[in-house]
1. Do any residues of segment B:35-55 show a loss of at least 50 square angstrom of accessible area between the isolated chain and the full protein assembly, using a 1.4 Å probe, and if so which?
2. Run the quick spin-label model on B:Val383 and B:Asp99: label points 7 Å from Cα toward the beta carbon, then report their separation in nm to one decimal.
3. Show me the GluC sites (Glu not before Pro) within segment B:45-89 that DSSP assigns to loop and that have at most 10 other Cβ atoms within 10 Å of their Cβ.
4. Please give the residues of segment B:321-364, grouped as numeric ranges, whose backbone N is less than 14 Å from a label point set 7 Å along the Cα-to-Cβ vector of B:Arg395.
5. Averaged over its residues, how many other protein chain Cβ atoms are within 10 Å of peptide B:85-93's Cβ atoms?
6. Once you sort the root eigenvalues of the Cα gyration tensor of segment B:150-216 as a ≥ b ≥ c, which label holds: rounded (a/c under 1.5), prolate (a/b larger than b/c) or oblate (the other case)?
7. Leaving out ligands and nucleic acids, note down the accessible area per residue over segment B:29-87 with a 1.4 angstrom probe, in whole Å².
8. Need one word for the protein assembly as shown: rounded, prolate or oblate. Basis is the Cα gyration tensor (sqrt eigenvalues a ≥ b ≥ c); a/c below 1.5 gives rounded, then a/b vs b/c decides.
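The values are calculated or read from the model by the stated rules, or taken from the named source; none is laboratory data. This one's a predicted model, so the numbers in the text were calculated from it and none came from an experiment. Using ideal geometry, Cβ is built from the backbone for each residue, glycine included, and neighbour counts are taken over all protein chains shown. Remember, those area values only see protein heavy atoms, side chains included, never the ligands or the DNA or RNA. Shrake-Rupley method; radii C 1.70, N 1.55, O 1.52, S 1.80 Å.
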Amino acid sequence: MAHEQILVVDDDALTARFIASLLREYDYDVLVAQDGVHALELLKRHEFAMVVCDLVMPYRDGFSVLRAIRQNIKLHDLPVLLVSMRDREEDIVRGLEEGADDYVIKPFNARELLARIRKILARKRKVS
Amino acid sequence: MQQVLIWIIFAISGIFLVLTTLIIVNKAWRETQEATIARRRKELEPKILSWVHGDEKTVRKAFGENFSTSDTGVIEQILLDHVQRVRGIERDRLAQAMDQLGLVDGYLDGLNSRRWWRRAESAEKLGLSTTKRAIQPLSRALDDEIHEVRLRAAKALGMLGDAASALKLVRALNEPSRWSTIRVADILIGMGHKSVDAVIEAFPGLTREGQLAVLDIVGRVRLVSVTPWLVEKTKDESTDIRARAFHALGSIGDPSVTPELQAALNDKEWPVRAMAAKALGRMRITEAIPQLAKALRDEQWWVRHNAGRALRAMGPLGLYALERLVADGDVFAREQAILMLEEAGRVDERAAELVHEGPDERRVAKSLLEKIVASGTTGRLRVLSREHPVADVRRELSALLPEEVAS
């Protein structure tokens, strides 16, 4: 099976590199976008198995990226996992209600993040 | 003379030339250093992260032959950057790498430095290193002569996050500055339930400020098991302790303390009455509505304010109680009740009911609004008589309001 490609979107380069290195360690192909605008450009040009997206970013935040994905006829069922320092209940609920497949709070437990990503991808494979 | 001037000009030019050259050389050297560090970081970071994600015990194996002691600074920065961003196994492995590379030993030495900023920096890094070896040295640093070092040591102990470090940290609640006490209390709150046993144990030996901070901490951590201890504190002879204990009980929200809270509405000290009223509101204890209605006539503004807010927080039953108080003989109770009804949107609702199709609803609404008009607190009604979207409501309100007010 070809390696699944995951898009990591985070304006904090260190976090993006950490998540990317974790995913590469487990044989995923990873592309990194440093903001929402860059992410949407990459989504037009590449095919991804899922998106791991930060919430608070310049230009377009995670909610905006999520909405753009859900409203796009080609991408609307692309799994999105939100990662954020915002741990308030209303942010988590809003993220899930806007269509995120999962929500992880920073600082995150890397193994837990990986498990959640694997679960989302397994669910996607099962559906398709 | 001319010759001298020429020499002076040459000398000054020479000095400028030398200074410019020094600046350029220094900048070039710094940029080269930064480029070297960035290049080494780019090479080393993936290796370190790969080791962090794996199971290999020794971090040096991650670098193989490709490691020189001059890389220590770069590696330290990589480890410190990432250790703040993750939790769990990965964080433990980053901390383990810091220990294996001798960085933790360096920070422990740094705590004894003569330079205070080095001590402060070392304390902060020890917090990030999460090593249990740091608990004793950091605890000693809580007595440092420099305030900044003490605070960073406190923060570091908070980051170590276990009961042993909480025990050491509690002492810092005795800091003479109130601001420091608040910061330390925040750190202990951040440690959650692990700090609770330690702060309770330390309570008798703390200053009054420290004791008040402990009551805030247990209230914010919200462990129901602390309720009996807090109830005991509500019997303290100090007004501040009693008041803060009731506040904490309201935050925890254990309904078993309802009788104590109701009784506290009759305490001889107003801060205790005020906090008891606030707690009853937070817990929405509707059986306390009669006492809260009585507290609306309290001689102290703060008690009336909290009682009003408590009634408002209780939903329909509380709002009915407030409606009954708009014709109260006590002018302060009346004003507080009307203010709460306005804030809750009840005055607007009743105004809209003036044109309700049901005659009972119209009668109830009119009766309440007439009482409000009679009280003289007609600010909101005047606004509605001008701006309500329904013309019939505006007309009814204008008819209720005295002519000079309606105009």
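1. Checking the loss per residue gives B:His53.
2. 6.1
3. B:Glu65
4. Those under the cut-off are B:354-356.
5. Numbers: counts 10, 11, 9, 7, 4, 9, 3, 0, 1.
Average per residue, whole number: 6.
6. It is oblate, given that a/c is not under 1.5 and a/b is not larger than b/c.
7. That works out to 58 Å² per residue.
8. Here the protein assembly as shown falls in the prolate category.
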